[in-house]
Amino acid sequence: MTRPNATELLRAVRIAPSILSADFARLGAQVDEVVAAGARVIHVDVMDGHFVPPITMGPIVVSALADRVHAAGALLDVHLMIERPERQVAEFAAAGADSITVHAEATPHLDYALNAIKDAGASASVAINPSTPVEALSEVAELLDMALCMSVNPGWGGQRFIPRSLDKLERLRALLPASCAIEVDGGVDATTAGGCVRYGANVLVAGSAIFGKPDPAAAYAAIATAAGAA
Ligand code: DX5
Ligand code: ZN
């Protein structure tokens, strides 16, 4: 199956529903609902019980979703909250990940990890925790297709947006090349989305604000409107 053009999709303002808050007993149907509502970026949170306490999912879930997501012209945005992610990126890309994000705090080999993602054919991205300065990305800025600014401490859905993340988004935007997408993750809903876009983010992850609601498609639409997304 042909893959979506990640560079193209990540250029616009996008809301990326995070399946972490979905009903896993009906995961395919939940993804179909948000894709039908217009979502073109599906966010997959991978946690290893080490980098963050919870354990969530691995390549097997990425591969289970890949065909239906790609058939809809959407992409799989895989957020690795795992130690030494460079050892796993090829497997996630082979499973169908289109964009892969590693944490700056999870490896001493960020340059190597980003090149491993690109070699595996996926878009390369780095996430930084709330306590990590934006300068952690300065030496790899030219390698990045996207940067992810955590606006909560990683590990759990449903936390409150950390307000100083807005200033951090602005500093990231100033640091990175214009071609680099900026993603924000944690506590994004219809009230925080507009500020994120004004301060420089264009890919907005939302988990509980979409899948925690009785009508995920309507919740998606409300956030997309608030963000001015396509
Ligand atoms: C948290 C994850 C997020 C999570 C966001 O560590 O990286 O993607 O799903 O959840 P909400 O949108 O509920 O804050
Ligand atoms: Zn995430």
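The values are calculated or read from the model by the stated rules, or taken from the named source; none is laboratory data. Note that this is a predicted model, so its numbers are computed, not measured. Neighbour counts run over all protein chains shown; Cβ positions are idealised from the backbone, glycine included. Accessible surface areas use protein heavy atoms only, side chains included; no ligands, DNA or RNA. Shrake-Rupley method; radii C 1.70, N 1.55, O 1.52, S 1.80 Å.
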- prompt: In the stretch 10-227, what % of DSSP beta bridges are antiparallel (nearest 5)?
  reply: 5
- request: Roll a 1.4 Å probe over the protein chains and send me the accessible area per residue for the stretch 48-167 in Å².
  value: 41
- prompt: Please state the Cα pair-distance histogram of the stretch 10-227 with 10 angstrom bins from zero: what percent is in each bin?
  reply: 9, 38, 40, 12, 0
field: Distance between modelled label sites at Thr191 and Ala71, nm, 7 Å Cα→Cβ extension
entry: 3.9
- line: When the charge dipole of the chain is computed with +1 on Lys and Arg Cβ and -1 on Asp and Glu Cβ about the Cα centre, the Cα farthest towards its positive end, among Thr107, Ala227, Met150, belongs to Ala227
- request: Can you tell me the FRET efficiency between Ala25 and Asp111 if r is taken as the Cβ-Cβ distance and R0 is 35 Å, rounded to the nearest 0.05?
  value: 0.30
query: For the pair Ala94 and Ser131, how long in nm is the line joining their label points, each one 7 Å along Cα→Cβ?
result: 3.6
field: Prolate/oblate/rounded call for the stretch 91-152, Cα gyration tensor, a/c under 1.5 rounded
entry: prolate
message: Within 10 Å of each candidate Cβ there may be at most 16 other Cβ atoms; applying that plus a DSSP loop requirement, which GluC sites (Glu not before Pro) in the stretch 14-103 survive?
response: Glu83
message: Can you give the longest run of the chain that contains no trypsin sites (Lys or Arg not before Pro) sitting in a DSSP loop with at most 14 other Cβ atoms inside 10 Å?
response: 12-159
- request: List the relative contact order of the chain as a percent without decimals, with contacts defined as Cα pairs under 8 Å and 6+ residues apart.
  value: 23
message: Taking all protein chains in place and a 1.4 Å probe, what share, in percent, of the accessible surface of the stretch 1-139 do carbon and sulfur account for?
response: 50
- request: Calculate for the chain the 222 nm mean residue ellipticity that helices alone would give, adding -39,500 (n - 2.57) per DSSP H run of length 4 or more and normalising by residue count, nearest 500 deg cm²/dmol.
  value: -9500 deg cm²/dmol
